[in-house]
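Trainee: Structure provided below as structure tokens; questions to follow.
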């Protein structure tokens, strides 16, 4: 095996350097007492040209943060602001992470490698800049499962245990420490623009707009900066609407939809107290500290629109209000269409492609889910392929729910939709008795043997099951 990744030209590998002087600060990574590789995303390592790294080289780059050849010469802590639970906070920035490198995948798409738990930065405030091992495990699970469900998301790339004992209020302490590396299309946040607006730094925001267009949305280019800015906002609104539609179909609750936790490429980002719904409940809240339910499941589409409005307000530095308002118009339609499309995708069905008919189906389906208390992942698993899965559904642990008068109109709508690639039902995933589920009790159950006996067998069984799901659900 080679010990170093292939050289990449600096201009191709690290375009963020063009604007880094205005948006980031060089920082030094923490010097951890030990480094034990716990998980690496080999599939995405191969996609980014890093698949042949030896374990020794992997540790050097993703625990000791030795620069990748031809890439960022030193880590960069990103500067940003943001609204946190509705209150503007100008004291933000990467407090326990940094941008480590930029890579291209096989399709030439730019990807960022960012960290979590890599040490203190100028933005750490009173924090220790560290990440618990449990926090790293939880992010691997959530990101992997979302990817399997076809949700646009950042990817967990590497997890290394670092040998420190951490004190935390929300889990038994002292607890084990880790450093996570995350792969994302972009680490530019809504709050990056908000910081420019706060400082009335028109020049820096213009550079940021041009960077985002050049690297992520080239079709948004235009001769005038005001038009480029509005075009960029429209692209971000579309990407965000698509992502939140996918969340709602997947039963995913982000938990902390602050504007610094949205990125401009519409990826699920900055996992915190996330949850997957056990049953349909619009009022389900993921974060114990969200006492008002601001980010509850059923409110996520509204909150996404609100976050986009804050981004638009920041962009008033460069563009007119009318142009920015028009750029936000597609959000609701894109969200609706994404929710329709992704519900059908997760059910393995062709939509009718008649908006009214498809909306009526979704209303009936999710109303039944809420009223019946049906288990969310089990229902999608049982009825994957609609009519092609009638026998499977009849053998389900919750088959009795499908025999009720309340379910009859939902069954009829399922039957009239054509299965989408029903041959996928032959995949090993659908031969299991149960689907992947990541409700909080299951996450706690697989963490307990790691904490008590360093037994990772349940974790590996879960990630293997998630990979089975990814292969089975892929189009």
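Just so you know, all these numbers are worked out from the coordinates, no wet-lab data involved. Keep in mind that what you see is a predicted model, and the values were worked out from it rather than measured. Note: ideal-geometry Cβ built from the backbone for every residue, glycine included; neighbour counts use all protein chains shown.
Trainee: Extending each Cα 7 Å along its Cβ direction at residue 423 and residue 91, get the distance between those two points in nm, one decimal.
Mentor: Here the modelled spin labels are 5.9 nm apart.
Trainee: Suppose R0 equals 41 Å; then what is the FRET efficiency for residue 203 and residue 105 from their Cβ-Cβ distance, rounded to the nearest 0.05? Numbers along the way, then the final one.
Mentor: Numbers: r = 32 Å, r/R0 = 0.77.
The calculated FRET efficiency here is 0.85.
Trainee: Please state the shape class of the stretch 349-473: rounded when a/c is under 1.5, otherwise prolate if a/b exceeds b/c and oblate if not, all from the C-alpha gyration tensor. Intermediate values should be presented prior to the final figure.
Mentor: Working: a/c = 2.36, a/b = 1.82, b/c = 1.29.
Here the stretch 349-473 falls in the prolate category.
Trainee: Related question: Using a basic spin-label model with each label point 7 Å from the Cα along Cα→Cβ, how many nm lie between residue 169 and residue 279?
Mentor: 3.2
Trainee: Subtracting the Cα-Cα distance from 0.36 nm times the residue separation, let me have the gained length for residue 325 to residue 394 in nm, one decimal.
Mentor: Details: separation 69, 0.36 × 69 = 24.84 nm, distance 4.95 nm.
Taking 0.36 nm per residue and subtracting the Cα distance, the gain is 19.9 nm.
Trainee: A further question on this structure: Fewest to most neighbouring Cβ within 10 Å: what's the order for 211, 331? Could you put the intermediate results ahead of the total?
Mentor: Details: 211 19, 331 24.
The most exposed by this proxy come first: 211, 331.
Trainee: Here's another thing I want to ask about it. How big is the gap, in Å, between the Cα center of the stretch 188-230 and the Cα center of the stretch 381-409?
Mentor: 49
Trainee: Compare the peptides 389-398, 437-446, 61-70 by average per-residue count of other Cβ atoms within 10 angstrom and give them in order, highest first. Please list the in-between numbers first.
Mentor: Working: 389-398: 14.7, 437-446: 16.2, 61-70: 19.6.
Ranking the peptides 389-398, 437-446, 61-70 by packing returns 61-70, 437-446, 389-398.
Trainee: Determine, for 334, 209, the number of other Cβ atoms within 10 Å of each Cβ, and report the residues in order from fewest to most. Let's see the in-between values first.
Mentor: On the way: 334 20, 209 26.
Final ranking by Cβ density, sparse to dense: 334, 209.
Trainee: For the chain, what is the calculated [θ] at 222 nm in deg cm²/dmol (nearest 500), taking -39500 (n - 2.57) for each run of four or more DSSP H residues and dividing by its residue count?
Mentor: Values: 17 runs with 197 residues, N = 475.
It comes out at -12500 deg cm²/dmol, rounded to the nearest 500.
Trainee: So how far apart, in nm, are the two label points at residue 359 and residue 214 if each is 7 Å from Cα heading toward Cβ?
Mentor: Roughly 4.2 nm, to one decimal.
Trainee: Two decimals is fine: what's Rg over Rh for the stretch 212-341, C-alpha atoms, Kirkwood radius as Rh?
Mentor: Reported Rg/Rh, Kirkwood definition of Rh: 1.00.
Trainee: Also: With Rg and the Kirkwood Rh both taken from Cα atoms, where does Rg over Rh land for the stretch 182-250?
Mentor: Numbers: Rg = 13.2 Å, Rh = 13.1 Å.
Here Rg/Rh amounts to 1.01.
Trainee: As an exercise, use a Förster radius of 35 Å and the Cβ-Cβ distance of residue 403 and residue 302 to find the FRET efficiency, rounded to the nearest 0.05.
Mentor: Details: r = 36 Å, r/R0 = 1.02.
The pair residue 403/residue 302 has a calculated efficiency of 0.45.
Trainee: Under the classification rounded if a/c is under 1.5, otherwise prolate if a/b is larger than b/c and oblate if not, where does the stretch 237-299 fall, given a ≥ b ≥ c as square roots of the Cα gyration tensor eigenvalues? Numbers along the way, then the final one.
Mentor: Values: a/c = 1.97, a/b = 1.33, b/c = 1.48.
Oblate is the answer for the stretch 237-299, as a/c is 1.5 or above yet b/c matches or exceeds a/b.
Trainee: Provide the packing ranking of 42-51, 155-164, i.e. peptides ordered by the mean count of other C-beta atoms within 10 Å per residue, highest first. Don't jump to the answer; show the numbers that get you there.
Mentor: Working: 42-51: 16.9, 155-164: 22.8.
My ranking of the peptides, most packed first, is 155-164, 42-51.
Trainee: While we're looking at this one, here's another question. Need one word for the stretch 75-139: rounded, prolate or oblate. Basis is the Cα gyration tensor (sqrt eigenvalues a ≥ b ≥ c); a/c below 1.5 gives rounded, then a/b vs b/c decides. Mind dumping the intermediate values first?
Mentor: Values: a/c = 1.85, a/b = 1.43, b/c = 1.30.
Prolate, because a/c is 1.5 or more and a/b exceeds b/c.
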